[in-house]
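Q: Pasting a structure below so you can have a look.
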Amino acid sequence: MNRRELLKMISAATGTAMIGGGALLSGCSREPSDSDISTAQLVFSANDVQLLDEIAETILPRTDTPGAKDAQVGQFMTVYVRDCYTEEEQNLFHSGLVQLQETSLATYGQEFIDLEAEQRLELVRELDTQAKTQLAESDQPHYFTMFKQLTLFGFFTSEPGATQALRYVAVPGRYDGCMDYEEGDRGWAT
C-alpha cells in the first residue's frame, strides 16, 4: 500500500480528505514560522500523549490484534501535528483536546481518562456524529476528524498495525499475480 492509497482509505473512513495530507505527500517539510516558535501552548505534555492514546484506543481497541496504544499512536499524533499541520490546524487540534475534556466533564462529571470503556465509546460516537454533521454543513474540519484520521494513519503505518492487523510481506517479497481470496482474509500492508 502506498501513501496515496492510504490517504484514500482514510478519506473514505472519515468522509473527508486527510487533514495535513498535502504535507504528508511533500514529506512534511513545512518550515516553522516565527509564530510557531513563540506558541508555547501548542506543546504536548505527557498527559496530552496519554489522553491521545486513550482516545485512539477507544477508536481502535485491542482485540485479537494490537490496539492503538500498542502502536503508540498518541506519540505519533504529537509528532505529526507538530511537523505536518499548519498553525491553524495545530490550534484546532489543541483546542479539540480541551473541548473533549470539557464535554467529558459536562456529560459524565469526569475527565475522559477516568471514564469507563462504555462511556468513552458513547462520547467518541457522539463526537463522530458531530464531526459528520459539521462536515455536511461547512468546510471547516471538526477536531474529532483529526483525531480519527491520525489514529487510523498512525496505527496502520506502525509495525504492529502493518504486521499484525494487516497481511505483511517484507519487500522484496515474491510476486504471486494470481492469488486466491479467502473469506476473512486481512488487507495487505505492502
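Q: So which of Q90, Q149, Q119 is within 22 Å of N47 (Cα to Cα) and under 13 Å from the mean Cα position of the chain (by Cα)?
A: Values: Q90 fails: under 13 Å from the mean Cα position of the chain (by Cα); Q119 fails: under 13 Å from the mean Cα position of the chain (by Cα).
Exactly one of Q90, Q149, Q119 is within 22 Å of N47 (Cα to Cα) and under 13 Å from the mean Cα position of the chain (by Cα), namely Q149.
Yes or no, residue by residue, for (1) over 26 Å from A162 (Cβ atoms); (2) assigned to a helix (DSSP H, G or I); (3) modelled with pLDDT under 90:
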residue	(1), (2), (3)
A23	no, yes, yes
D48	no, yes, no
L52	no, yes, no
T58	no, yes, no
M77	no, yes, no
E88	yes, yes, no
L92	yes, yes, no
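Q: Name the residues in the stretch 109-118 that are free of Cβ contacts under 8 Å to residues at least 12 places away in the same chain and in a helix (DSSP H, G or I), would you?
A: D114, E118
Q: Still on this structure, please answer the following. If I ask for residues that are closer than 21 Å to V73 by Cα and assigned to a loop (DSSP other than H, G, I, E, B), which ones from the stretch 139-158 would you list?
A: To start, the set of residues in the stretch 139-158 that are closer than 21 Å to V73 by Cα comprises 141-158.
If the condition is that a residue be closer than 21 Å to V73 by Cα and assigned to a loop (DSSP other than H, G, I, E, B), then P141, H142, T157, S158 are the ones that fit.
Q: Based on this model, can you work out whether G96 counts as over 30 Å from G184 (Cα atoms), in contact (Cβ under 8 Å) with a residue 24 or more places away in the chain and of a type in the set (G, A, S)?
A: Taking the combined requirement at face value, the residue satisfies it.
Q: Could you tell me which of the residues A136, A106, A162 is at pLDDT below 90 and either exposed (fewer than 13 other Cβ atoms within 10 Å of the Cβ) or not in a helix (DSSP H, G or I) (or both)?
A: Working: A106 fails: at pLDDT below 90; A162 fails: either exposed (fewer than 13 other Cβ atoms within 10 Å of the Cβ) or not in a helix (DSSP H, G or I) (or both).
Criteria check complete, one pass: A136.
Q: Among Y181, Y143, Y85, which is the only one that is without any contact (Cβ under 8 Å) to a residue 40 or more places away in the chain and of a type in the set (F, W, Y)? Spell out how you get there, then give the answer.
A: Details: Y143 fails: without any contact (Cβ under 8 Å) to a residue 40 or more places away in the chain; Y85 fails: without any contact (Cβ under 8 Å) to a residue 40 or more places away in the chain.
The unique qualifying residue is Y181.
The values are calculated or read from the model by the stated rules, or taken from the named source; none is laboratory data. Note that the structure is a prediction, hence the values are computed from the model and not measured. Quick reminder, even Gly has a Cβ in these numbers, built from the backbone with ideal geometry, and neighbours come from all protein chains shown.
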